[in-house]
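What follows is one structure encoded as structure tokens, with my remarks underneath.
The values are calculated or read from the model by the stated rules, or taken from the named source; none is laboratory data. Just so we're clear, the structure is a prediction, and the values are computed from it rather than from any experiment. Here the Cβ positions follow ideal geometry from the backbone for every residue, glycine too, while neighbour counts run over all protein chains shown. Just so you know, the surface numbers come from the protein's heavy atoms only, side chains and all, with ligands and any DNA or RNA stripped out. Shrake-Rupley method; radii C 1.70, N 1.55, O 1.52, S 1.80 Å.
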Amino acid sequence: MDDSNHLFKDRLDKIKQWLIDSPYPNNFSRTTEAAEIPSLYQLGNVEKSYSLAGRLKAKRVMGKSSFFVLEDYSGTIQLYLSHAVLENYDSCVHFDVGDIVGVQGTIFVTKTGEVSLKITFCQLLSKCLIPLPEKYHGLKDEELRVRKRYLDLIMSSERRNLFKTRSSIVTEVRDYLHSLGFLEVETPMMHPIAGGASAKPFVTFHNELEQEMFLRVAPELYLKRLIVGGFEKVFELNRNFRNEGVSTRHNPEFTMVEMYQAYADFNVMMDLCESLFAHVIKKCTTQSLGQTPLFPCRRVTMEETVETACPTLIGKTRDTQALLSYCLTQAIPVESHWGSGKLLCEIFEKKVEHTLQAPTFVTHYPLEVSPLARTNDDDQEVTDRFEFFIGGREIANGFSELNNPIDQENRFKLQQRLKETGDSEAMPFDQDYITALQYAMPPTAGMGIGIDRLVMVLTNSPSIRDVILFPLVRQDQS
């Protein structure tokens with residue numbers, strides 16, 4: 001029998017013996033948290049008895065006295081157990097690291113000056129049967145940290161703090177939009193038509209309706225229906241699903257906040273993006289950017305960025321053959337049905353995107369890759385669209401919305417033809433959305449912000465898996 005099996009059996013025997021005398025407790029009344037004890041000591045509250053509960057993270061038994069370290073959601077505190085004071089001391093010293101315990105005691109300071117709790121009552125609340133990883137080595141296996149996030153969180157206060165920061169970021173995004181008069185709404189997760197973005201959907205089937213359904217790739221078309229209906233500022237913070245690759249920047253299930261404002265254009269959305277980011281950075285205690293980025297951010301067209309990065313394409317950013325030749329010489333994969341707009345975007349993604357470290361708005365995306373965006377008044381080949389980049393990552397996407405139903409219908413028809421020629425990400429035709437536009441949608445601008453990528457930037461996390469509690473992983477076959 002190896003050591004792990006021996007330890008498991010030893011702990012299993014302990015829990016069986018424990019259950020002879022008492023069942024698993026179903027409650028424990030706490031009066032304070034671990035992190036509050038030093039402050040209570042500073043206030044002179046040393047006579048009062050306090051109750052805490054948490055996980056035993058370390059123990060040092062020295063005959064008739066012992067020191068434990070208890071950790072709860074707030075932090076850690078040292079416990080002092082004495083045979084002379086604690087009635088069940090002999091049982092407590094057999095508690096294992098990892099066990100959940102409840103204690104009661106008074107505050108004192110040890111000879112080494114550490115604020116601690118002198119325990120007068122100690123109760124086992126839940127037994128940890130599997131030994132925790134060794135403290136000083138922690139949980140180093142990245143794959144195991146993702147597969148067993150509960151163990152990762154047990155072992156790493158830094159990881160717990162990261163997800164606390166994520167929660168704060170989400171709260172600040174929501175509160176800021178509320179403060180500007182945006183109405184938070186909920187739209188369907190299952191769509192009869194996989195619209196709202198150029199992406200490959202997850203497909204399911206509704207038995208009662210006897211029809212194919214799609215997990216949403218974006219809430220865009222439903223939110224814009226609400227603009228038609230008379231709501232002038234709406235947003236939704238929720239999950240989207242795209243049946244695409246898994247990487248350090250992509251998870252098939254991801255969180256996005258998407259917002260729409262009537263009587264606004266893409267310039268208003270860029271301003272909103274800047275103010276929202278400045279607010280979140282100020283409110284959330286993050287250090288990844290070194291300092292709050294200076295606003296307003298740089299705004300540059302996609303064609304300008306490509307010409308700067310690829311001087312051979314100066315003056316040729318709309319020349320399909322020149323772009324195709326460049327892609328071939330640079331080993332950039334292309335498809336036969338792509339026009340100059342799509343080719344330009346591919347070059348941008350491969351040659352420019354990773355260089356955009358400082359906060360930057362890239363504007364005026366080609367019409368070909370922007371089927372829902374309004375065309376620019378001065379240049380009908382590009383749209384009033386932007387993407388926002390920080391640290392080489394796209395964080396937000398927004399544009400002036402196309403509210404001309406005739407133009408939108410023609411765009412959908414073009415997307416339908418692309419789908420028929422093999423473009424799996426082309427947007428399907430949505431007749432009901434066209435009908436909604438025919439009732440008149442006011443001039444509108446919208447923006448979507450990827451929450452996972454935003455958290456990556458603000459916590460200096462290299463992978464999207466680091467900021468999602470339970471990212472998608474291949475099923476363990478072991």
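Under 8 Å for C-alpha pairs, at least 6 residues apart: give me the relative contact order for the chain, rounded to a whole percent.
Working: 859 pairs, mean separation 60.3, N = 478.
Relative contact order, the chain: 13 percent.
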Task: Over the chain: helical MRE at 222 nm, DSSP H runs n ≥ 4 each giving -39500 (n - 2.57), nearest 500 - done: -10000 deg cm²/dmol
TODO: Mind ranking 188-194, 382-388 by how tightly packed they are, going by the mean number of other C-beta atoms within 10 angstrom, highest first?
DONE: 382-388, 188-194
Task: Electrostatic dipole magnitude of the range 370-478 [Cβ: Lys, Arg +1; Asp, Glu -1; Cα centre; debye, to 20] - done: 380
- [ ] For E36 and H250, calculate 0.36 nm times their separation in residues minus their Cα-Cα distance, and state this gained length in nm to one decimal.
- [x] 73.1 nm
Task: Loop sites in the range 64-115: GluC sites (Glu not before Pro), DSSP, at most 15 other Cβ within 10 Å - done: E87, E114
TODO: Please list 168-174, 28-34, 59-65 highest first by mean number of surrounding beta-carbon atoms within 10 Å per residue.
DONE: 168-174, 28-34, 59-65
- [ ] About the Cα centre of the range 317-388, how large is the charge dipole given +1 on each Lys and Arg Cβ and -1 on each Asp and Glu Cβ? Please answer in debye to the nearest 20.
- [x] 220
Task: With Cα atoms, 0 to 90° folded angle of helix 3-21 axis to the chain main axis - done: 60
- [ ] Please list, or write none, the lysines whose alpha carbon is within less than 28 Å of the alpha carbon of K111, excluding same-chain residues fewer than 8 places away.
- [x] K48, K57, K59, K64, K135
TODO: Compute, for E304, the solvent-accessible surface of its heavy atoms (probe 1.4 Å) with the complete set of protein chains present, and express it in square angstrom to the nearest 10.
DONE: 90
Task: Alpha carbon convex hull of the range 412-478, volume per residue in cubic angstrom - done: 202
Open item on the list: Let's test the formula: R0 of 60 Å, r as the Cβ-Cβ distance of S325 and L7. What FRET efficiency results, to the nearest 0.05?
Closed with: 0.40
TODO: Working from Cα positions, state the angle (0 to 90°, nearest 10) between the long axis of helix 405-420 and the longest principal axis of the chain.
DONE: 80
Open item on the list: Multiplying the sequence separation of D271 and V185 by 0.36 nm and subtracting their Cα-Cα distance, what value in nm do you get?
Closed with: 28.7 nm
Open item on the list: Projecting each Cα onto the charge dipole of the chain (Lys/Arg +1, Asp/Glu -1 at the beta carbon, about the Cα centre), which of L129, I227, G392 comes out farthest on the positive side?
Closed with: L129
Open item on the list: Averaging the inverse of every distinct alpha carbon separation and then flipping it gives the Kirkwood radius. What is it for the range 253-397, in angstrom units?
Closed with: 16.5
- [ ] Give me the distance between the Cα centres of the range 80-135 and the range 207-283, rounded to whole Å.
- [x] 49
Task: Dipole magnitude (debye, nearest 20) for the range 27-183, charges at Cβ of Lys, Arg, Asp, Glu - done: 200
Open item on the list: With an 8 Å Cα cut-off and a minimum separation of 6 or more residues, compute the relative contact order for the range 309-417 in percent.
Closed with: 20
Open item on the list: Using the Cα centre of the chain as origin and beta-carbon charges of +1 (Lys, Arg) and -1 (Asp, Glu), tell me which of S247, Q330, I193 is placed farthest towards the positive end of the dipole.
Closed with: S247
TODO: Using +1 at the Cβ of each Lys and Arg and -1 at the Cβ of each Asp and Glu in the chain, identify which of G181, F108, G54 lies farthest towards the dipole's positive end.
DONE: F108
Task: Additional length obtainable on full extension of the chain from I332 to N45, 0.36 nm per residue less Cα span - done: 96.5 nm
Open item on the list: Angle check, please: helix 157-179 long axis (alpha carbons) against the longest principal axis of the chain (alpha carbons), in degrees 0 to 90, nearest 10.
Closed with: 50
Open item on the list: Please report the accessible area of F429 (heavy atoms, 1.4 Å probe, ligands and nucleic acids excluded) in Å², nearest 10.
Closed with: 60
Task: Kirkwood hydrodynamic radius of the chain, from inverse mean 1/r over distinct Cα pairs, in Å - done: 26.4
